[in-house]
Structures are given as C-alpha cells and as structure tokens.
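Data first, discussion second: the structure below is written as structure tokens.
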Amino acid sequence: MGAALSLWEDYSSDDLKRLARASRDANQTRRLLALSVIYDGRRRLEAAQIGGVGRQIIREWVKRFNGQGPDELIDRKAPGNPSKLNDEQRAALAEIVERGSIPAVDGVVRWRLIDLVAWVWDAFRISLSEATMSRELKALGFAKISARPRHQAQNEAALVAFKKTSPRCSQRSETGLRPASRSNSGGRTRPESVKRTKSPAAGLRAARALRGPTTNARSPPISSAQSARRKARALAWPCLGAILPLCRSISPRSAPRSTLAPTRC
C-alpha cells in the first residue's frame, strides 16, 4: 500500500460533521464522519472502523473527496451497458420497419422481432436479443401489433350468412324482457302509525289507542270465582238502600240463598 493521501485543507473536522448532519443520504453521512476522524489527526484504521469498511475503501473515499468535494461521496445510479446500436443503425432500422417487408427480397410476409434481429445481424453483424430489439423499437416510437388469429378452415360465406340472419342485440333484449318484479323496493313507505309492531301486546295497545275509549264495551269474561264475588260486591253497593228493607222482612234462616244475591239497580 502506498503513502497515505492527504485531505483538502479547505475543510475541517467541524465542517464535515456539519455537512453530515445536514445530509439526507445515509452513505454520504457515514463517509463524511469517517473522513472527519482523519481531519482530527487520528489513525485511518479508526476511520475505517467508523465507516465499517477497510482502509483501501477509505483511500478511495479520500480520492473522491479530493476530486469533487463532499458531493462526490453520494452514490449515483450506474449508467449500465452502452447501447449496441448507434444513431445511423437506428435510422436504418426505422426505415425498413416503415417500408415494410418485401416477401421476394426479405423472405417474410411481415416483420417479427426475430426477423428484425436476423436483419440486424446480416446488416451490421451485431447480435441482439428479442427483448433488446423490442426496447429499441419502443424507443423509436413503434408498437407491437398482433394479428387476430384465424382458423384455417374458417368459412367466409357461413360467417356472412350468420351475420345477416342473426337478430340484433337490441331486438333480443326487447323480446326477452322479463316481467317486472313484485318487490316493493323503492315504493312509498307507510306512516308510523300503521307500521308493524314487535309483539302482539304492543299491537293490541296501539289498536286500542287508535280506537279510543268505549262506553258500551263488554267487560272481559270472569275466569275465577273470586273475581266474580268482587264484581258482585262492587255492583251491590249502589243498591243497598233498596235491598235493606227487603232483607228485614225476610228471615235469614227461611229465606233462600238466591234472594240474598245483590241485584243491579
């Protein structure tokens, strides 16, 4: 390994730390902090430990920093492989595609990617793949067009006859209309008072509320003897004044039990 390279004297350790804090690129920040250790006068092995690399990589960072400053420490996208075709060759390729294929000369009815690859090899001795040829044609403004498949035994006369006799889509839709659904979806809603209730008891109360109070309504049947006695007692109180004289004239022992029953006034 050669002698250690010195850094620019235009920067200091504090300058590199300030640039590292302001940077949004993680790799640039790591490299600036590693180089700031060298500005402090410490060993380059410590700088390599801070950067997580070897001393040879630290040497490469120093070269890049001395060449174009802190911006050179940012990773840039690789340019990739250069194009195999130059401008003249692209112009010739575009010309034969625009002209179209001549079966007697080119031996094909229409150009395919594999045919154009073979033409480039015959014309310029350059080997291209079909994917590369597709990218070149797309860059030139051409689009791939696929012909509609056609069966070899297809009968044109049968197709024409079928198109003439077949009804149109509008006619088929008119004759095949189904009856309208009897669903009440989208219809008018009923008022709140006539909506169905959740329970029979709630419906009975709602019906009584709508009908209002009745004066001549019959009372519900009495199912027990106790309730019958209570009702008879309630009906007897208004007629006590008329019944008491009759009760005094009749002896309790000789009187039948039916005469002591209260009567309605």
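We did not get these values from a lab; they are worked out from the coordinates using the rules stated. Computed from a prediction, not measured in an experiment: that's the story for all the values here. Here Cβ is always computed from backbone atoms with ideal geometry, including for glycine, and neighbour counts include all displayed protein chains.
If you take the residues of region 109-131 that are more than 16 Å from ALA92 (Cβ to Cβ) and of a type outside the set (Lys, Arg), which of them is surrounded by the most Cβ atoms within 10 Å (Cβ to Cβ)?
Filtering first and then ranking leaves LEU113.
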Whether any residue in region 145-159 is in a helix (DSSP H, G or I) and either surrounded by 11 or more Cβ atoms within 10 Å (Cβ to Cβ) or of a type in the set (Val, Ile, Thr) (or both) is what I want to check. no
Residues that are free of Cβ contacts under 8 Å to residues at least 24 places away in the same chain, exposed (fewer than 15 other Cβ atoms within 10 Å of the Cβ) and within 15 Å of LEU7 (Cβ to Cβ), drawn from region 20-45: GLY41, ARG42, ARG43
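I'm trying to understand the selection: among the residues of region 85-103, which are surrounded by 13 or more Cβ atoms within 10 Å (Cβ to Cβ) and out of contact with any Phe, Trp or Tyr (no Cβ under 9 Å at 6 or more places or on another chain)?
ARG90
Looking at ASP106, is it among the acidic types (Asp, Glu) and surrounded by 12 or more Cβ atoms within 10 Å (Cβ to Cβ)?
Values: among the acidic types (Asp, Glu): yes; surrounded by 12 or more Cβ atoms within 10 Å (Cβ to Cβ): yes.
Criteria met by ASP106.
If I go through region 12-61 residue by residue, how many of them are assigned to a helix (DSSP H, G or I) and hydroxyl-bearing (Ser, Thr, Tyr)?
To start, the set of residues in region 12-61 that are assigned to a helix (DSSP H, G or I) comprises 13-22, 26-39, 44-51, 55-61.
Cutting the leftovers down to hydroxyl-bearing (Ser, Thr, Tyr) gives us 13, 29, 36, 39.
The number of residues fulfilling the criteria is 4.
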Could you grab the pairs with beta carbons closer than 7 Å, sequence gap of 6+ or different chains, first residue in region 84-106 and without any contact (Cβ under 8 Å) to a residue 24 or more places away in the chain, second one outside any loop (DSSP other than H, G, I, E, B)? ILE96/TRP119
